[in-house]
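The values are calculated or read from the model by the stated rules, or taken from the named source; none is laboratory data. Since we're looking at a predicted model, the values are computed, not measured. Cβ placement follows ideal geometry from the backbone for every residue including glycine, while neighbour counts extend to all protein chains displayed. In case anyone asks, the SASA skips ligands and DNA or RNA and just uses the protein heavy atoms, side chains included. Shrake-Rupley method; radii C 1.70, N 1.55, O 1.52, S 1.80 Å.
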Amino acid sequence: MLNRIILIGRVAVEPELRYTPSGTQVANFILAVDRNRLNQRGERETDFIKIVVWRKLAEICAQYLNK
(Lines give C-alpha, C1' and ligand atoms only; values in the text may rest on other atoms or scores of the structure.)
Protein backbone atom coordinates (compact mmCIF):
# COMPACT_ATOMS: atom_id res chain seq x y z
CA MET A 1 0.00 0.00 0.00
CA LEU A 2 1.22 3.49 -0.84
CA ASN A 3 0.51 6.48 1.39
CA ARG A 4 0.14 9.80 -0.36
CA ILE A 5 -0.32 13.29 1.02
CA ILE A 6 -0.45 16.66 -0.68
CA LEU A 7 1.06 19.65 1.11
CA ILE A 8 0.54 23.20 -0.07
CA GLY A 9 2.79 25.77 1.49
CA ARG A 10 5.83 27.99 1.16
CA VAL A 11 9.48 26.99 0.87
CA ALA A 12 11.02 28.08 4.18
CA VAL A 13 14.59 26.86 3.53
CA GLU A 14 16.25 26.62 0.12
CA PRO A 15 16.70 23.03 -1.14
CA GLU A 16 20.17 21.64 -0.52
CA LEU A 17 21.26 19.15 -3.20
CA ARG A 18 23.77 16.51 -2.10
CA TYR A 19 24.99 13.18 -3.43
CA THR A 20 25.36 9.87 -1.61
CA PRO A 21 28.68 7.98 -1.94
CA SER A 22 27.05 5.85 -4.66
CA GLY A 23 26.11 9.00 -6.63
CA THR A 24 22.37 9.14 -5.86
CA GLN A 25 20.98 12.66 -5.63
CA VAL A 26 19.19 13.74 -2.43
CA ALA A 27 17.73 17.15 -1.57
CA ASN A 28 16.46 18.49 1.76
CA PHE A 29 14.27 21.52 2.38
CA ILE A 30 11.60 22.78 4.77
CA LEU A 31 8.02 23.56 3.78
CA ALA A 32 5.91 26.00 5.84
CA VAL A 33 2.24 24.92 5.86
CA ASP A 34 -0.50 27.04 7.48
CA ARG A 35 -3.20 25.26 9.46
CA ASN A 36 -6.84 25.71 8.42
CA ARG A 37 -8.08 26.55 11.92
CA LEU A 38 -7.37 29.60 14.05
CA ASN A 39 -5.88 29.20 17.53
CA GLN A 40 -7.44 30.67 20.69
CA ARG A 41 -5.89 34.07 19.98
CA GLY A 42 -7.45 34.15 16.49
CA GLU A 43 -4.14 33.57 14.66
CA ARG A 44 -3.18 30.91 12.14
CA GLU A 45 -0.45 28.51 13.21
CA THR A 46 2.23 27.28 10.84
CA ASP A 47 3.82 23.83 10.74
CA PHE A 48 7.37 23.50 9.40
CA ILE A 49 7.75 20.14 7.68
CA LYS A 50 11.12 18.68 6.72
CA ILE A 51 11.06 17.24 3.19
CA VAL A 52 13.57 14.80 1.67
CA VAL A 53 13.44 13.95 -2.04
CA TRP A 54 15.60 11.53 -4.01
CA ARG A 55 17.03 11.03 -7.50
CA LYS A 56 15.64 13.09 -10.42
CA LEU A 57 13.03 14.82 -8.22
CA ALA A 58 15.87 16.05 -6.00
CA GLU A 59 17.51 17.73 -9.00
CA ILE A 60 14.21 19.29 -10.10
CA CYS A 61 13.50 20.66 -6.61
CA ALA A 62 17.01 22.10 -6.29
CA GLN A 63 16.69 23.76 -9.69
CA TYR A 64 13.17 25.21 -9.50
CA LEU A 65 12.27 25.73 -5.83
CA ASN A 66 13.46 28.83 -4.08
CA LYS A 67 12.48 30.98 -1.17
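What does the accessible area per residue of the chain come to in Å², with a 1.4 Å probe and no ligands, DNA or RNA counted?
That works out to 87 Å² per residue.
FRET efficiency for E16 and I60, Cβ-Cβ distance as r, R0 = 25 Å, nearest 0.05?
According to the calculation, E is roughly 0.95.
What is the Rg over Rh value, at two decimals, for the chain, using alpha-carbon atoms and the Kirkwood definition of Rh?
Radius of gyration relative to Kirkwood radius: 1.10.
Output the relative contact order of the chain, whole-number percent, from Cα pairs under 8 angstrom with separation of 6+ residues.
Relative contact order here is 36 percent.
Can you give the helix-only mean residue ellipticity at 222 nm for the chain, where every DSSP H stretch with n ≥ 4 adds -39500 (n - 2.57) and the sum goes over all residues, rounded to the nearest 500 deg cm²/dmol?
Mean residue ellipticity, 222 nm, calculated: -4500 deg cm²/dmol.
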